[in-house]
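The values are calculated or read from the model by the stated rules, or taken from the named source; none is laboratory data. In this text, all values refer to a predicted model and were calculated from it rather than measured experimentally. So basically every Cβ, Gly included, is an ideal-geometry build from the backbone, and we count neighbours across all protein chains shown.
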Amino acid sequence: MTAHAFVVDLHVLPPGDPAPEPIERLHLDRGDPVGDRHHGLTMPWYTRQRRKHPRGPQIRNNPQPSVVDVGGLPAIAQKLGLAKLAPGALADNICLSGVDELTAPTPMSRPLFCDDDPVVVTDGENPPSTVAGAPVRGRYATAPESFPKAAMHLRGVTGGVERPGVLTVRMPVRVVPTRTTG
């Protein structure tokens, strides 16, 4: 079944900035959201890659826009002891409304399908971490260590850009899960 949703908010995390920046138009290309610190086809080595690559070389960037549904934010806020959690606080690039179970789609589903606009194919759940908790700490003074447990199975998904394009705030989108057999 196709879910109909719309874009509530869009964000990029510019290089060197501690917090996501709200934007009205999000350009998606094969290198991730344009203007985001993660944009590019390659990236420098970092500690999470130590088991796969020797220290130092440029490695392939697996661009992954972060997509959340606004419906999951109150549950995370409650677990963190907050009255409210705003879109963008989780370092999400795309915040939707209307996809209640976004965090649990079938891998390789298409959470964003816009006629003549971008298509994002999901990789799966976006696991919460203390690194992702840092922007929440900066905005709400919470402990980054409390974020992973509070956001487990609620942080949305990541995905790759299958068809580049532009998303805008209030744009309608369709969520088209891949059919599974069984």
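A few comments on the model shown:
- Single residue of segment 1-40 satisfying the filter (touching a residue at least 60 places away in the same chain (Cβ under 8 Å) and closer than 23 Å to Gln58 by Cα) that is surrounded by the fewest Cβ atoms within 10 Å (Cβ to Cβ): Arg30
- Within segment 112-170, considering residues that are of a type in the set (S, T, N, Q) and either out of contact with any Pro (no Cβ under 7 Å at 6 or more places or on another chain) or not in a loop (DSSP other than H, G, I, E, B) (or both), the one nearest to Leu10 (Cα to Cα): Thr168
- Scanning segment 118-165 for residues that are touching a Lys or Arg at 6+ places or on another chain (Cβ under 8 Å) and acidic (Asp, Glu) yields Glu125, Glu162.
- Criterion (at pLDDT 80 or above, more than 17 Å from Val166 (Cβ to Cβ) and surrounded by 15 or more Cβ atoms within 10 Å (Cβ to Cβ)) met by exactly one of Gly71, Gly81: Gly71
- Test: residue in segment 11-30 that is touching a His at 6+ places or on another chain (Cβ under 9 Å), at pLDDT below 85, of a type outside the set (Asp, Glu) and closer than 19 Å to Val119 by Cα: no
- All positions within segment 155-173 that are at negative phi, surrounded by 18 or more Cβ atoms within 10 Å (Cβ to Cβ) and at pLDDT below 90: Arg155, Val157, Thr158, Gly159, Val161, Val173
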